[in-house]
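In what follows, a single structure is set out as structure tokens and then discussed.
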Amino acid sequence: MKYIYYKSDNGNFGDDLNEWLWPKFFGANDENSEKCFLGIGSVLYNDFPLIKELPPDKRKIVFGTGIRPTYKAFKFDKSWDIRFLRGPLSSRIFNNGFEYIADAAYCLRHLDNFKEFAGIKKKHEVSVIPYFKSVDYVDWESLCKDLNYNYISPYGEKGIEHTLKEIASSKLIITEAMHGAIIADLFRVPWNRFVLSTPFTEGQMVSEFKWMDWLFSVDIGNINTSQIKFYRKSVVNRIVNKATFNMVNVEFLLKNRVAEDVYNYLSSVTEYYLSGERIMKQIDEKLYDKIHQLKKELAVVDYQR
């Protein structure tokens, strides 16, 4: 199959899981295959370039992918093979006509060596994972060092396995990256969410939709999330506001103030979250069936090398 997913120029471990994970179940990526596979990510939207470029008659297998809300309705035709969607919000977009389970990253729990990851010795009290588009706005390594926290880069420069081990070896995770929370959850590491650049770099509607889609899928409906102020007004705003008769407001990205606010927030986190064992068992059972059904159809053998 050809694996379809978003690729950041700098890397993003959540999206890059696709390239690492799916060949272990379903075989190597085949750019010329007539079957396309969409797994981890919020890529079900009309303007996603990799979907727009696909021949309309190619079979497109959806395996836990999420909807990205836009102003244009997304529709499936007969070329789409929907195994399951990420969460109830994605399912509701299609009038609950398709099953949802949870984010496809939970398939990690079905790797032959999953217990080696999950059982790794804890070496970090707290680890911090920003959203990959927030990296440039704060000196995360220095900030985490000052707090005696471990910094996990969302770029995944050292490889997927390194990132997974860093999360699994943490006692607690504080994350802006959704897959930081998801990977923590599947490793049973309590997590906390904060918001920094995502309302601006990803979009408020998109960010909140995908988080709620996932959270509702694992039966978590009410958490406290801190939104750290990203842009703020300064003295210049008063001058511009007065000069334009209150028609223009000016907001600035003041990195020193942002870093100070991030430090204060990270140092004061007390609430952490984790999905329940009952819901985790249900997800495990459903994903097991989905994985092995597709493997059977593809006649994949000896898939985890």
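Below 17 Å, Cα to Cα, which lysines can residue 52 reach? Residues fewer than 8 away in the same chain don't count.
List returned: 2, 7, 35, 60, 72, 75, 78.
If the only charges are +1 at each Lys and Arg Cβ and -1 at each Asp and Glu Cβ, what is the size of the charge dipole of the chain around the Cα centre, to the nearest 20 debye? Could you put the intermediate results ahead of the total?
Working: 42 positive and 40 negative charges, 94 e Å.
Using only the charged Cβ atoms, the result is roughly 440 debye.
222 nm [θ] for the chain, helices only, -39500 (n - 2.57) per DSSP H run of 4+, per residue, to 500?
Details: 11 runs with 112 residues, N = 305.
Mean residue ellipticity, 222 nm, calculated: -11000 deg cm²/dmol.
Can you tell me the length gained on complete extension of the stretch residue 142 to residue 255, counting 0.36 nm per residue apart and subtracting the Cα distance? Write out the running numbers ahead of the final one.
Numbers: separation 113, 0.36 × 113 = 40.68 nm, distance 1.40 nm.
Here the answer is 39.3 nm.
Would you mind working out the magnitude of the charge dipole of segment 82-203 relative to its Cα centre, with +1 at each Lys and Arg C-beta and -1 at each Asp and Glu C-beta, to the nearest 20 Debye?
Working: 15 positive and 15 negative charges, 94 e Å.
Once rounded to the nearest 20, the dipole reads 460 debye.
Placing +1 on the Cβ of each Lys and Arg and -1 on the Cβ of each Asp and Glu in segment 24-167, which of 94, 50, 67 has its Cα farthest towards the positive end of the resulting dipole?
Value computed over the given set: 94.
Residues of segment 51-82 with amide nitrogen under 19 Å from the 7 Å Cα-to-Cβ point of residue 205?
66-76
Rg and Dmax in Å for the chain, alpha carbons only: what are they?
For the chain, the Cα radius of gyration and maximum Cα-Cα distance read 20.5, 71 Å.
Place a point 7 Å from the Cα of residue 279 along the Cα-to-Cβ direction; which residues of segment 206-229 have their backbone N under 20 Å from it?
Residues 207-226 qualify, since their backbone N sits under 20 Å from the label point.
Considering only C-alpha atoms, what is the centroid distance from segment 86-152 to segment 10-33, in Å?
So the two Cα centres are separated by 17 Å.
Is there a quick way to get the dipole size of segment 114-275? I mean about its Cα centre, with the Cβ of Lys and Arg at +1 and of Asp and Glu at -1; what is the value in debye to the nearest 20? Don't skip to the answer; put the middle values down first.
On the way: 19 positive and 19 negative charges, 64 e Å.
So the magnitude is around 300 debye.
Taking the Cα-to-Cβ direction at residue 78 and at residue 92 and moving 7 Å from each Cα, how far apart do the two end points lie in nm?
Simple spin-label model gives 3.2 nm for this pair.
Only bridges with both residues in segment 114-275 count here: give the DSSP antiparallel percent, nearest 5. Display every interim value, and only then the final one.
Working: 4 of 16 bridges.
About 25 percent, rounded to the nearest 5.
Specify which residue in the list 244, 128, 287 is farthest towards the positive end of the charge dipole of the chain, using unit charges on the beta carbon of Lys, Arg (+1) and Asp, Glu (-1), about the Cα centre.
Sorting the options by dipole projection puts first 244.
Using Cα positions and a limit of under 18 Å, work out the aspartates and glutamates in reach of residue 286, with same-chain residues fewer than 8 apart set aside.
Of all the aspartates and glutamates, those that pass the test against residue 286 - Cα under 18 Å, at least 8 places apart if same chain - are 81, 99, 103, 112, 185, 213, 219, 277, 297.
Go through 192, 119, 156 and say which Cα lies farthest out towards the positive end of the charge dipole of segment 114-275; charges sit on Cβ, +1 for Lys and Arg, -1 for Asp and Glu.
192
Grab the Cα-Cα distance for residue 58 and residue 155, subtract it from 0.36 nm times how many residues apart they are, and report the gain in nm with one decimal.
Full extension from residue 58 to residue 155 adds 31.8 nm.
In segment 1-107, what chymotrypsin sites (Phe, Trp or Tyr not before Pro) fall in a loop by DSSP, with at most 14 other Cβ atoms inside 10 Å?
Taking segment 1-107 and a limit of 14 other Cβ atoms within 10 Å, the loop chymotrypsin sites (Phe, Trp or Tyr not before Pro) found are 71, 76.
So which lysines can residue 123 reach, going by Cα to Cα under 26 Å and dropping same-chain residues fewer than 8 places off?
Within the straight-line cut-off, residue 123 pairs with 115, 145, 158, 165, 171.
Out of the trypsin sites (Lys or Arg not before Pro) in segment 8-111, which ones are loop residues according to DSSP with at most 15 other C-beta atoms within 10 Å? Don't skip to the answer; put the middle values down first.
Working: sites: 24, 35, 52, 58, 59, 60, 72, 75, 78, 83, 86, 92, 109; in loops: 58, 72, 75, 78, 86.
Counting only loop positions with at most 15 other Cβ atoms within 10 Å, the trypsin sites (Lys or Arg not before Pro) in segment 8-111 are 58, 72, 75, 78.
For segment 114-275, what is the relative contact order in percent, using Cα pairs closer than 8 Å and at least 6 residues apart in sequence? Display every interim value, and only then the final one.
Numbers: 228 pairs, mean separation 36.3, N = 162.
Normalised by residue count, the contact order of segment 114-275 is 22 percent.
For segment 128-233, state which chymotrypsin sites (Phe, Trp or Tyr not before Pro) are in a DSSP loop and have at most 10 other beta carbons lying within 10 Å of their beta carbon. Display every interim value, and only then the final one.
Details: sites: 131, 132, 137, 140, 149, 151, 155, 187, 191, 194, 200, 209, 211, 214, 216, 230, 231; in loops: 131, 132, 149, 155, 187, 230.
Here no chymotrypsin sites (Phe, Trp or Tyr not before Pro) fit, given the DSSP loop and packing criteria.
We did not get these values from a lab; they are worked out from the coordinates using the rules stated. The structure displayed is predicted, hence computed values, not measured ones. With ideal geometry, Cβ positions are generated from the backbone for all residues, glycine too; neighbour counts draw on all protein chains shown.
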